[in-house]
Amino acid sequence: MALLELNEVSIEYKLSNGKLKAVDNVSLNVENGDVVGLVGESGCGKSTLIKGIINLLPSNGKITNGEVIFEGEDLSKLEFEKMRKKRWKEISMITQSAMNSLNPVYRVGNQITEVILEHEKMSKHDAMEKAKELFDLVGLDRARLEDYPHQYSGGMKQRAIIAMSLALDPKLIIADEPTTALDVIVQSQILEKINALLEGYSGSMILVTHDISVVAQTCNKVAVMYGGRIIEYGDVKQVLKKPNHPYTMGLKNAFPSLTGEKKDLISIEGTPPDLSKKIDGCRFKDRCPFVLDKCKSGEMPFTRVESGYYYCARHDEIDHLRELADLSETWDV
Amino acid sequence: MKNVFKVFSKNKIGLIGLIIFVSFVLIAIFANFLAPYDPMEIQFLAEGGVARLQPPSLDHLLGTTYMGRDVLSQMIIGSRVAVLVGVISAVCVAFIGTNIGLIAGYFGGITERILMGIVDVMYGLPFLPFALILVSVLGPGVQNVILAIVLITWRNSSRVIRSQALSLKNRTFIEAAKLSGASDWRILYKHIAPNVIPISLIYVSTSMASAIMTESSISFLGLGDPMQVSWGRILFTCYSSQAMFKAPWWILPPGFAITLLVLSGYMMGRGFEEVANPKLKER
Amino acid sequence: MTERTKVIEAIDLHKEFMVKIKGDGKVREIKSLKAVDGINLHVCKGETLGIVGESGCGKTTTAKLFLGLHNATMGSILLGDKDISHLKGKELKNFRKHAQMIFQDPYESLNPRFKIKNTIMEPLEIHGIGKDKAERYEMAKQMLSEAGLKPPEEYMDRYPHEMSGGQKQRVAIARALVLNPDFLIADEPVSMLDVSIRASILKLLRKMITEKDLAGIIISHDISLIRYISDRTAVMYLGKIVEQGSTEELIEKRYHPYTKALLEAAPNPDPEVKFTLENIKGEAPNPVDIPKGCRFHPRCPECMEICKMITPQEYDMGNGHKVMCHLYGDKNE
């Protein structure tokens with residue numbers, strides 16, 4: 001049984017002038033020990049999806065279809081209080097602005113022990129010991145537990161938050177752009193730390209990011225989201241080396257790399273679809289260089305591959321399209 | 001400006017406020033045509049004798065005063081003072097307050113310290129006593145009432161506008177304008193001012209409301225111009241004729257009109273608040 | 001490499017800020033923050049210089065010094081043979097025609113209450129270019145279409161909030177170039193944009209710099225991105241340029257241990273090339289407390305005794321490649 005199973009999840013927001021289908025029929029499995037990268041551009045629904053998973057949607061958002069099964073239990077039907085107990089302990093979350101969530105008037109150490117004590121029966125002394133171990137793990141000086149958040153730098157705060165989110169050995173960590181606000185070196189240090197820690201007790205993570213380089217370095221699976229749908233999913237090596245969906249092909253070639261020959265970077269012109277309108281045909285049709293008439297209406301065919309799946313109407317010519325997608329002229333408007 | 005009307009068309013409270021206000025303005029403009037009688041003219045009964053404290057009738061829709069004057073006509077003519085005082089003081093207050101706030105916030109340094117020092121002093125002055133003293137020194141008259149109101153109330157808006165200018169001047173688009181070679185005055189009046197105008201408009205409408213209140217209070221306390229009919233003055237004459245409990249038709253209309261006009265000011269303020277802060281709209 | 005004419009040059013440039021160190025709500029101490037601590041840089045006609053470094057390294061302050069938005073504490077900036085580091089009044093206004101900037105956040109850099117045409121026509125109006133409004137309108141239209149917003153008529157009457165991030169950045173580029181400057185600085189021009197459209201904005205900048213023969217500086221924290229857009233690259237650390245040289249050579253040779261660390265920590269979109277981090281420790285210190293000697297020594301894996309005492313000088317490695325590190329000291333002695 002998978003640790004987390006999303007079955008045909010749809011999430012809608014109610015707006016003053018209609019509805020916005022931010023997540024449309026998404027299915028995804030996260031196994032124990034998986035680190036799944038969820039990539040996509042702003043507004044693709046990735047943040048909504050994870051808020052849906054941990055039941056933190058804003059009041060105008062609602063899961064309208066599907067189930068979110070975590071260890072055999074449907075989280076979307078769980079009462080708020082029960083869900084609260086699961087947070088931190090079984091599922092913990094790290095957000096981009098998490099470093100601002102430290103309370104400025106309490107010492108960082110006290111904030112960490114408080115989280116531990118709320119969920120586990122142990123003495124204050126033991127909780128502090130645990131906090132010290134956690135600080136060692138994330139590469140912070142133990143003495144810093146006595147400091148207040150304002151005495152920390154951005155990177156240190158983010159590490160402290162990671163220590164806190166790992167405090168109860170959660171089975172699943174959901175990290176939403178956890179390092180975007182940080183410098184490259186610190187980002188890499190932190191990502192490496194999280195990976196090593198998860199490996200230690202075979203915990204899982206969903207890493208939400210716009211940066212496929214980060215995914216390439218940290219994840220073993222990747223889900224590419226576009227216009228509210230996971231359009232391609234699979235093993236990270238397969239998806240990034242041999243992408244099957246034209247959007248993934250474009251995204252991959254849009255990323256600068258320090259190694260290999262310096263190919264022209266491509267750019268996918270246009271804007272993502274308006275999710276408040278009903279989408280007919282492929283979500284990517286307006287920006288896809290390979291668009292055909294058959295892409296313009298109906299549901300796109302679901303193609304299963306070895307390690308995952310993708311949706312593309314031209315699934316029988318993917319190898320050819322991939323070659324074309326490597327040429328920057330293909331993407332010129 | 002187009003946005004302002006767009007917001008008003010969606011914001012019911014603001015729209016109602018606007019309609020009430022515009023109606024009062026129209027009444028004030030056409031007061032001479034609308035008033036059935038001369039407000040100071042003493043009315044006589046058909047059988048002779050002054051029409052003292054007559055309850056509403058077809059001849060006098062809102063009845064008459066102790067001196068036999070027509071209340072409706074007094075109300076209509078009185079609206080002129082209310083609207084005049086309200087509009088002129090509001091415009092002056094907004095003009096002075098906005099400019100001082102902009103200049104203090106944008107230039108900072110010694111300019112700011114001096115201007116804000118003056119504001120602090122103004123905050124130390126109690127509003128109504130200051131107005132009363134000023135009017136009794138300068139003599140009764142609409143212009144002195146307006147002066148008193150303006151001198152005091154500009155302090156409120158300048159504080160807020162200053163903090164707005166302070167945060168706007170650090171925005172990137174201001175830096176970009178500087179890089180284009182724009183002078184300080186150009187930045188101040190072409191880039192910053194349009195972004196604070198919605199907030200100034202909140203102050204225009206609320207200071208209009210408070211100006212009308214103040215004018216009424218001053219007249220009610222007997223310091224109004226005795227030659228001018230105003231709503232506060234109607235209240236004052238009613239009170240001094242000891243007819244307050246005998247003639248509700250006399251005392252209620254000015255009270256009601258003052259409340260309504262003041263309310264319209266605050267309602268329009270609500271509308272402008274949404275222009276200034278579009279986030280409120282989503283609520 | 002042919003000798004090209006220098007357009008703008010910084011000589012021993014310093015910028016110091018006085019910062020208040022607060023403790024318990026009171027000002028405890030006033031310290032000097034050396035944001036830019038003696039840098040030498042130049043950019044030639046038609047050339048793009050990349051400046052790369054972590055947040056707080058002084059790269060944005062450098063940009064503002066070049067543009068006359070800050071006054072230098074010491075040193076000079078030469079535009080042609082004129083020192084522009086302390087201009088005032090009319091001379092400053094005149095200088096504005098020569099130097100322009102693209103900001104990081106296109107959502108912030110356009111006045112929300114200005115129509116696009118007014119934003120682009122404003123600089124022309126300020127400097128009295130074009131004989132009347134109609135001519136300025138034509139110039140703005142022309143510029144907009146050069147910046148890739150076609151047909152320009154469609155965009156002239158829009159407000160910024162009616163455009164996407166990429167389109168806004170194109171407007172910002174049009175506004176900067178409508179004055180025909182000699183010199184253009186772009187500060188993280190794409191970091192706020194979606195990955196899928198970054199390349200097109202970078203290509204546009206690149207094209208404008210070469211076609212219009214401008215001197216360009218592009219600032220970024222992302223060295224892999226710098227690789228694609230700059231001819232020469234300068235690596236900045238705590239107010240100093242620790243290494244500069246032609247981009248390809250700098251990436252290949254990576255003399256300075258900090259450059260090495262930056263390159264190694266940069267995540268790569270290829271899942272088979274993993275980053276290595278053994279090399280570097282901790283985070284950059286607070287710029288009010290710059291370490292003695294070489295400012296990088298506390299994090300440096302190759303730190304020697306001399307590094308803790310003496311600030312290294314700049315050593316020429318040939319081909320205009322310069323590095324500030326004691327490791328290369330004996331080469332020149």
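The values are calculated or read from the model by the stated rules, or taken from the named source; none is laboratory data. This one's a predicted model, so the numbers in the text were calculated from it and none came from an experiment. Cβ atoms come from the backbone with ideal geometry, glycine included; neighbour counts cover every protein chain shown.
Cβ separations smaller than 6 Å between residues 6+ apart or across chains give the following pairs from the range A:187-199 residues that are within 11 Å of chain C (Cβ to nearest Cβ) to residues that are among the β-branched types (Val, Ile, Thr) and surrounded by 24 or more Cβ atoms within 10 Å (Cβ to Cβ): A:187/A:179; A:190/A:179; A:191/A:218; A:195/A:218. Residue C:5 meets the conditions (1) at pLDDT below 90; (2) more than 20 Å from residue C:183 (Cα to Cα); (3) among the hydroxyl-bearing types (Ser, Thr, Tyr) in every case but one. The failed one is (2). In summary, residue A:182 fulfils each of the numbered conditions (1) under 30 Å from residue A:279 (Cβ atoms); (2) within 11 Å of chain C (Cβ to nearest Cβ); (3) under 19 Å from the mean Cα position of the chain (by Cα) with the single exception of condition (1).
For residue C:83, the test of being within 22 Å of the chain's Cα centre (by Cα), away from chain B (no Cβ under 13 Å), over 28 Å from residue C:198 (Cα atoms) and of a type in the set (Asp, Glu) is passed. Look at residue C:172 and say whether it is within 15 Å of residue C:96 (Cα to Cα), assigned to a helix (DSSP H, G or I) and not basic (Lys, Arg). It is false that residue C:172 is within 15 Å of residue C:96 (Cα to Cα), assigned to a helix (DSSP H, G or I) and not basic (Lys, Arg). Of the residues making up the range A:180-199, not a single one is of a type in the set (Ser, Thr, Tyr), surrounded by 20 or more Cβ atoms within 10 Å (Cβ to Cβ), touching a Lys or Arg at 6+ places or on another chain (Cβ under 7 Å) and assigned by TED's automatic domain parsing to the domain that holds residue A:44. Can you confirm whether the range A:203-212 contains a residue that is more than 8 Å from chain C (Cβ to nearest Cβ) and in contact with a His (Cβ under 9 Å, 6 or more places away or on another chain)? Scanning the range A:203-212, I find no residue that is more than 8 Å from chain C (Cβ to nearest Cβ) and in contact with a His (Cβ under 9 Å, 6 or more places away or on another chain), so the answer is no. For the range B:239-246, the count of residues that are part of a loop (DSSP other than H, G, I, E, B) and crowded, with 20+ Cβ neighbours inside 10 Å is zero.
Restricting the range C:232-248 to residues that are buried (at least 24 other Cβ atoms within 10 Å of the Cβ) and small (Gly, Ala, Ser) leaves a set whose member that is farthest from the chain's Cα centre (by Cα) is C:245.
Return the only residue of A:9, A:36 being closer than 16 Å to residue A:205 by Cα and out of contact with any Leu (no Cβ under 6 Å at 6 or more places or on another chain). Give the steps one after another, and end with the answer.
Values: A:9 fails: closer than 16 Å to residue A:205 by Cα.
The unique qualifying residue is A:36.
Number of residues in the range C:113-127 that are farther than 25 Å from residue C:70 by Cα and either within 14 Å of chain B (Cβ to nearest Cβ) or within 25 Å of the chain's Cα centre (by Cα) (or both): the value is 6.
Residues of the range C:130-189 that are free of Cβ contacts under 8 Å to residues at least 12 places away in the same chain, among the acidic types (Asp, Glu) and closer than 26 Å to residue A:41 by Cα: C:154, C:162. Somewhere in the range C:301-308, is a residue assigned to a loop (DSSP other than H, G, I, E, B) and within 14 Å of chain A (Cβ to nearest Cβ)? So far as the range C:301-308 goes, yes, one or more of its residues are assigned to a loop (DSSP other than H, G, I, E, B) and within 14 Å of chain A (Cβ to nearest Cβ). Elements of the type helices (runs of 4 or more DSSP H) sitting completely within the range B:1-107 and holding at least 1 residues that are among the basic types (Lys, Arg): these cover B:2-10, B:12-29, B:71-107. Among the residues of the range A:148-167, the one identified as part of a loop (DSSP other than H, G, I, E, B) and either buried (at least 22 other Cβ atoms within 10 Å of the Cβ) or in contact with a strand residue (DSSP E or B) (Cβ under 9 Å, 6 or more places away or on another chain) (or both) is A:167. Scanning the range A:280-295 for any residue that is among the small types (Gly, Ala, Ser) and within 14 Å of another protein chain (Cβ to nearest Cβ) turns up nothing. Screening the candidates B:145, B:150 for the property of being in contact with a Cys (Cβ under 7 Å, 6 or more places away or on another chain) and either buried (at least 19 other Cβ atoms within 10 Å of the Cβ) or not in a helix (DSSP H, G or I) (or both) yields one hit, B:150.
Would you call residue C:241 closer than 23 Å to residue C:294 by Cα and facing another protein chain (nearest Cβ under 7 Å)? It is false that residue C:241 is closer than 23 Å to residue C:294 by Cα and facing another protein chain (nearest Cβ under 7 Å). Name the single residue that is surrounded by the fewest Cβ atoms within 10 Å (Cβ to Cβ) among those in the range C:69-107 being under 30 Å from residue A:184 (Cβ atoms) and small (Gly, Ala, Ser). Among those that are under 30 Å from residue A:184 (Cβ atoms) and small (Gly, Ala, Ser), it is C:75.
Within the range A:213-231, which residues are within 10 Å of chain C (Cβ to nearest Cβ) and within 30 Å of residue A:64 (Cβ to Cβ)?
We begin by selecting, within the range A:213-231, every residue within 10 Å of chain C (Cβ to nearest Cβ); these are A:213-220, A:222, A:226.
The answer is A:215, A:219, A:222, A:226.
Annotation: of all residues in the range A:251-278 being more than 7 Å from every other protein chain (Cβ to nearest Cβ) and among the polar types (S, T, N, Q), the one that is farthest from residue A:217 (Cα to Cα) is A:276. Only one entry in C:285, C:271 is of a type outside the set (Ser, Thr, Tyr), modelled with pLDDT under 90 and under 23 Å from the mean Cα position of the chain (by Cα), namely C:285.
If I ask for residues that are in a strand (DSSP E or B) and of a type in the set (Asp, Glu), which ones from the range C:175-191 would you list?
Step one: list which residues in the range C:175-191 are in a strand (DSSP E or B), which gives C:183-187.
Across the range C:175-191, the qualifying residue is only C:187.
Have a look at B:219, B:200, B:207 and point out the one that is assigned to a helix (DSSP H, G or I), of a type outside the set (Asp, Glu), in contact with a Gly (Cβ under 6 Å, 6 or more places away or on another chain) and surrounded by 22 or more Cβ atoms within 10 Å (Cβ to Cβ).
Numbers: B:200 fails: in contact with a Gly (Cβ under 6 Å, 6 or more places away or on another chain); B:207 fails: in contact with a Gly (Cβ under 6 Å, 6 or more places away or on another chain).
Of B:219, B:200, B:207, the one residue that is assigned to a helix (DSSP H, G or I), of a type outside the set (Asp, Glu), in contact with a Gly (Cβ under 6 Å, 6 or more places away or on another chain) and surrounded by 22 or more Cβ atoms within 10 Å (Cβ to Cβ) is B:219.
Keeping to the range A:240-249, report how many residues are crowded, with 24+ Cβ neighbours inside 10 Å, under 28 Å from residue C:264 (Cβ atoms) and at the interface with chain C (Cβ under 9 Å from one of its Cβ atoms). Working first, answer last.
Applying the first criterion (crowded, with 24+ Cβ neighbours inside 10 Å) to the range A:240-249 yields A:240, A:243-249.
If we keep only those that are under 28 Å from residue C:264 (Cβ atoms) as well, we get A:240, A:243, A:248-249.
Those still in the list that are at the interface with chain C (Cβ under 9 Å from one of its Cβ atoms) too: A:240.
Count: 1.
Looking only at residues in the range C:199-218 that are in contact (Cβ under 8 Å) with a residue 40 or more places away in the chain and within 14 Å of chain A (Cβ to nearest Cβ), which one is nearest to the chain's Cα centre (by Cα)? This residue is C:218.
Checked against the criterion of being modelled with pLDDT under 90 and either touching a Phe, Trp or Tyr at 6+ places or on another chain (Cβ under 9 Å) or surrounded by 18 or more Cβ atoms within 10 Å (Cβ to Cβ) (or both), the range A:121-129 contains not a single residue that satisfies it. With respect to the numbered conditions (1) among the small types (Gly, Ala, Ser); (2) within 11 Å of chain C (Cβ to nearest Cβ); (3) in contact with a Ser or Thr (Cβ under 8 Å, 6 or more places away or on another chain), which one is the sole condition not fulfilled by residue A:234? Among (1) among the small types (Gly, Ala, Ser); (2) within 11 Å of chain C (Cβ to nearest Cβ); (3) in contact with a Ser or Thr (Cβ under 8 Å, 6 or more places away or on another chain), residue A:234 violates only (2).
The set of residues in the range C:254-271 that are at negative phi and more than 7 Å from chain A (Cβ to nearest Cβ) comprises C:255, C:256, C:257, C:258, C:259, C:260, C:264.
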